[in-house]
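Derivation of every value follows stated rules applied to the coordinates shown; laboratory data play no part. Note that the coordinates shown come from a computational prediction; the quantities given were computed from them, not determined experimentally. Cβ placement follows ideal geometry from the backbone for every residue including glycine, while neighbour counts extend to all protein chains displayed.
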Amino acid sequence: MTTRYIEPKSATNVFNQVVAKLTKLGFSVWGSRVLSVRGRKSGELRSVPVNLLEIDGEKYLVAPRGVTQWVRNLRAAGEGQLRVGRRVEEFTFVELGDDEKPAILRPYLKRWKFEVGVFFDGVDAKASDEKLREIAPGYPIFRITVR
């Protein structure tokens, strides 16, 4: 089985730079945060904008493009930081198993399909639990615990 990863296009990079800049200034764009994680090879902090999903008091990070660099770095580091403006939250995480993912993918798609739908090949929040379970292996999801 191959690891799912969709490389960002230049338009995505421009969009991410704008969202990251606004988020760093303190303007969360639809729940955006700037995720910072130590690089697994360099040891330097690497940052990328992410969408923080909150459900019933729990916080989740979903990787719509699959096993990205931030996912690999987070797995290696075991911790990270989320920033909005000057507020920085350090966190640890538990990566969800595939059977747990449909309950997170559905609200994630409901909220951000306009932004990330292109990475889900036509699957949306109205998809059956079976369909969401079928695609689950391609979408890493982390339940985070703020320290």
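Here the chain is treated with +1 on each Lys and Arg Cβ and -1 on each Asp and Glu Cβ, and its dipole about the Cα centre works out to around 640 debye. Between the C-alpha center of segment 41-96 and that of segment 99-113 there is a gap of 17 Å.
Ranked by the mean number of other Cβ atoms within 10 Å of their residues, highest first, the peptides 53-61, 28-36 fall in the order 28-36, 53-61.
Among Phe114, Phe27, Phe91, the largest mean-square fluctuation in a Gaussian network model of the chain, built with springs joining Cα atoms closer than 10 Å, belongs to Phe114. Relative protection proxy for 15-25, 124-134, from highest mean packing down: 15-25, 124-134 (other beta-carbon atoms within 10 angstrom).
In this structure, Lys113 and Phe15 have a Cβ-Cβ separation that, at R0 = 25 Å, corresponds to a calculated FRET efficiency of about 0.95. Amide H contacts under 5 Å for Arg4: Val67, restricted to partners 5 or more places along the chain or on a different chain, H placed in the peptide plane at 1.01 Å from N. Between Ile55 and Val29, the modelled label-to-label distance comes to 2.5 nm, taking each label 7 Å out from Cα in the direction of the beta carbon.
For segment 30-146, count the residues as N, evaluate 2.2 N^0.38 Å, and divide the Cα radius of gyration by that value, please.
Details: Rg = 13.8 Å, N = 117, 2.2 N^0.38 = 13.4 Å.
Segment 30-146 yields a ratio of 1.03.
Think of the chain as a dipole: +1 on every Lys or Arg Cβ, -1 on every Asp or Glu Cβ, centred on the Cα centre; then among Ser32, Gly57, Ala20, Ala20 lies furthest on the positive end.
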